[in-house]
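What follows is a single structure, written as structure tokens, with notes after it.
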Amino acid sequence: MNSKFFILTIIFTVIIWTGAGFGATCIQAEAAETAITMFVPDTDWPPYLIDDPEYPGGGVFVEILRAAAEPLGYTVKTLRLPNQRGWMMLENGTIDVHAKALEWVPNANDFLWTDPFMQSEDVLLYPANAPLKHSSPLDLYGKSVAAIKGFIYPVLEPHFGPDKIQRIDVASPYAMLELLALGRADAALVNRAETQWLLRNKPELKPERFVLDKTPCDSASYRFAFTKKGHWQPFIKKFNETLKAMREDGRLTAILNKYR
């Protein structure tokens, strides 16, 4: 009798532990399905991506993604990665999403894209005491223009070269501002939102020394690119509907204004 009771006790214990394990697995799977992992560059890029307690939203990209995804029952976490590795992981489905302009991605058809959520503008920045008159790339011929090394500027690319626009490659926006301040470049190709943020939040840059051109050289729309390896198409449809509602009721503008 005791041996039968012992055997039944063991069987009952195994059933309980198996059920508990299965339940935990289901909970973990459900949590994984409602979590979005966003790949972000491994360096700060204000106002788009900011690792600063003063900006708990994490930057405009992260805040917009959270604002549109959380009402749909999804949480958002970020993972800092080198650019090339991040795109490889996005393509193979190891991560879920990244923010980019579709026009800048050669293999854009390899990803699923949301509707646009904000404009990116490349503009010219001049020394305040020597602004240029610029209405077309031809106006820049014979001038030196600072640009970020490795960046592609589609509208101006055909105009860089001998007897055209002299391109000076630098590593960062700070280096471009320094060149302008020292008179070593006639203009700098900058991102409008990034430069406005830097000049407003970094008084040591002495923003009165610079002036932004009102007319962009080029512009593109930022979107979220999702991997094709998951089942994101239904989510993107609902995401776009939420994004449209945010645009109409002012929530999207309110987020953008926080970082201007």
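Numerical summary
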{"quantity": "Test result for Gln84, part of a helix (DSSP H, G or I) and within 17 Å of the chain's Cα centre (by Cα)", "calculated": "yes"}
{"quantity": "Residue within the stretch 195-216 that is among the acidic types (Asp, Glu) and outside the structural domain of Gly142 (by TED's automatic domain parsing) present", "calculated": "no"}
{"quantity": "Hey, Gly86 closer than 22 Å to Thr253 by Cα, surrounded by 20 or more Cβ atoms within 10 Å (Cβ to Cβ) and touching a residue at least 40 places away in the same chain (Cβ under 8 Å) or not", "calculated": "no"}
{"quantity": "Matching option when the condition is more than 17 Å from Arg223 (Cα to Cα) and either touching a residue at least 60 places away in the same chain (Cβ under 8 Å) or surrounded by fewer than 20 Cβ atoms within 10 Å (Cβ to Cβ) (or both), among Leu102, Leu79", "calculated": "Leu79"}
{"quantity": "Test: residue in the stretch 64-73 that is in contact with a strand residue (DSSP E or B) (Cβ under 8 Å, 6 or more places away or on another chain) and modelled with pLDDT under 95", "calculated": "no"}
{"quantity": "Criterion violated by Pro56 - all others in (1) over 15 Å from the mean Cα position of the chain (by Cα); (2) surrounded by 14 or more Cβ atoms within 10 Å (Cβ to Cβ); (3) more than 30 Å from Leu179 (Cβ to Cβ) satisfied", "calculated": "(2)"}
{"quantity": "Selection count, the stretch 179-230, where residues are out of contact with any Asp or Glu (no Cβ under 9 Å at 6 or more places or on another chain) and assigned to a loop (DSSP other than H, G, I, E, B)", "calculated": "9"}
{"quantity": "Residue, nearest to Lys214 (Cα to Cα), within the stretch 105-153, restricted to residues that are of a type in the set (Val, Ile, Thr) and at pLDDT 95 or above", "calculated": "Val123"}
{"quantity": "Residue in the stretch 95-104 that is outside the structural domain of Pro46 (by TED's automatic domain parsing) and closer than 28 Å to Thr227 by Cβ present", "calculated": "no"}
{"quantity": "Where a residue in the stretch 233-248 is in contact (Cβ under 8 Å) with a residue 40 or more places away in the chain and in a helix (DSSP H, G or I) and its partner, wherever it lies, is of a type in the set (D, E, K, R) and surrounded by 13 or more Cβ atoms within 10 Å (Cβ to Cβ), with Cβ under 6 Å and at least six apart", "calculated": "Asn240/Asp115; Leu243/Asp115"}
{"quantity": "Of residues in the stretch 199-233 being over 16 Å from the mean Cα position of the chain (by Cα) and under 17 Å from Asp110 (Cα atoms), the one modelled with the lowest pLDDT", "calculated": "Gly230"}
{"quantity": "Those residues of the stretch 141-158 which are part of a loop (DSSP other than H, G, I, E, B), of a type in the set (A, V, I, L, M) and closer than 21 Å to Gln84 by Cα, in sequence order", "calculated": "Ile152"}
{"quantity": "Positions within the stretch 227-246 being touching a helix residue (DSSP H, G or I) at 6+ places or on another chain (Cβ under 6 Å) and not polar (S, T, N, Q), in sequence order", "calculated": "Lys238, Phe239, Leu243, Met246"}
{"quantity": "Identity of the residue in the stretch 242-259, more than 13 Å from Phe61 (Cα to Cα) and basic (Lys, Arg), that ends up surrounded by the most Cβ atoms within 10 Å (Cβ to Cβ)", "calculated": "Arg251"}
{"quantity": "For Gln196: the one exception among (1) at pLDDT below 95; (2) of a type outside the set (Lys, Arg); (3) surrounded by fewer than 16 Cβ atoms within 10 Å (Cβ to Cβ)", "calculated": "(3)"}
{"quantity": "Check on Lys164, surrounded by fewer than 17 Cβ atoms within 10 Å (Cβ to Cβ) and among the basic types (Lys, Arg)", "calculated": "yes"}
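The values are calculated or read from the model by the stated rules, or taken from the named source; none is laboratory data. Bear in mind that the values here come from a model prediction, so they are computed numbers and not experimental data. Here the Cβ is made from the backbone with ideal geometry for all residues, glycine too, and neighbour counts use every protein chain on show.
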